[in-house]
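Have a look at the structure below, then the notes.
Where a number appears in this text, it was derived from the coordinates with a stated rule and is not lab data. Remember, predicted model here, so these are calculated numbers, not experimental data. Every residue, glycine among them, receives a Cβ derived from its backbone with ideal geometry; neighbour counts consider all protein chains shown.
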Amino acid sequence: MLRERSDTPVTLFVDLGNNASSTHFGDVNDALTRLALDDAHQRCKYLDVTLPSTDDNTLPVPGVDNDPVALTLPQVQTLVWRSDQRDIPMMYPATLTHLTNLTLRTRITFRDCLYILGCIRDTVQYCDVRDLYEGYGNNLLPYPNGNTSKDRYGDEHTVMSELRSFSVRVASSPVFFMNHLKFHGVLLQTLAIEVLGNGSVDPKAMKTIPWATITNITLTGNFVDDGANWVQAATEGSLQLDLRSGRHVQG
């Protein structure tokens with residue numbers, strides 16, 4: 001079907017169910033590699049991949065025991081990816097040059113997520129990521145500029161030039177992660193941050209967020225007691241917000 005010339009866009013679902021085996025993962029690896037060749041007319045606009053969760057340590061680790069798949073799919077505009085953390089290298093998004101919508105459902109370190117966002121920073125408009133964690137020493141993807149250190153971030157920021165909506169769920173304070181991103185203040189209109197675990201997060205510590213121009217803010221989890229007042233002031237009173245429940249009411 002993909003080999004046929006047509007203007008009709010195609011949605012492709014790849015779902016292994018509970019079949020966690022080296023054979024099945026190899027099949028997915030091969031399928032994603034062949035997709036670019038089969039879709040010569042660039043009809044696949046929506047790609048949805050679900051890989052099974054497994055504790056089987058004998059399975060090959062993508063990008064370690066074999067080469068990661070290069071998703072050479074410039075036509076894909078929406079990517080939904082669900083997997084264990086170990087399988088993140090299978091998505092390797094460096095060539096998704098027209099991606100506008102990204103949904104990640106996988107445990108992923110701050111630095112690996114920053115790498116992915118850096119690959120799509122000029123095109124992605126809607127991004128929803130769960131679940132982020134600090135993850136020192138557990139990074140799986142290379143870092144830009146040839147940096148091979150597992151934990152180094154550097155001082156550079158990832159500039160999200162087209163992002164309209166950003167939603168993240170994080171296991172600890174998101175301050176360090178968010179401060180490595182920069183946003184186009186006029187474009188970013190929706191921001192949702194859910195913080196799990198203990199500790200109080202101060203919204204004003206996330207210095208790169210353009211609070212004054214965002215019209216839809218949801219902050220859920222443990223935030224400092226005066227966080228709501230500070231956000232209200234930063235948004236010039238245009239937003240009513242309940243930090244603890246995550247409810248928000250437009251003014």
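Quick notes
- With a Förster radius of 30 Å applied to the C-beta separation of ASP84 and TYR46, the computed FRET efficiency comes to 0.85.
- Protection proxy ranking of 195-203, 80-88, 110-118 - average other beta-carbon atoms within 10 Å, highest first: 110-118, 80-88, 195-203
- Charged neighbours of VAL10, selected by a Cβ distance under 9 Å, balance to +1 (K, R count +1; D, E count -1).
- Charge context of ASP128, other residues only, Cβ under 14 angstrom, K/R +1, D/E -1: +2
- Taking amide H as placed 1.01 Å from N in the peptide plane, ASP131 has its amide H under 5 Å from the amide H of THR106, ARG107, ILE108, each at least 5 places away in sequence or on another chain.
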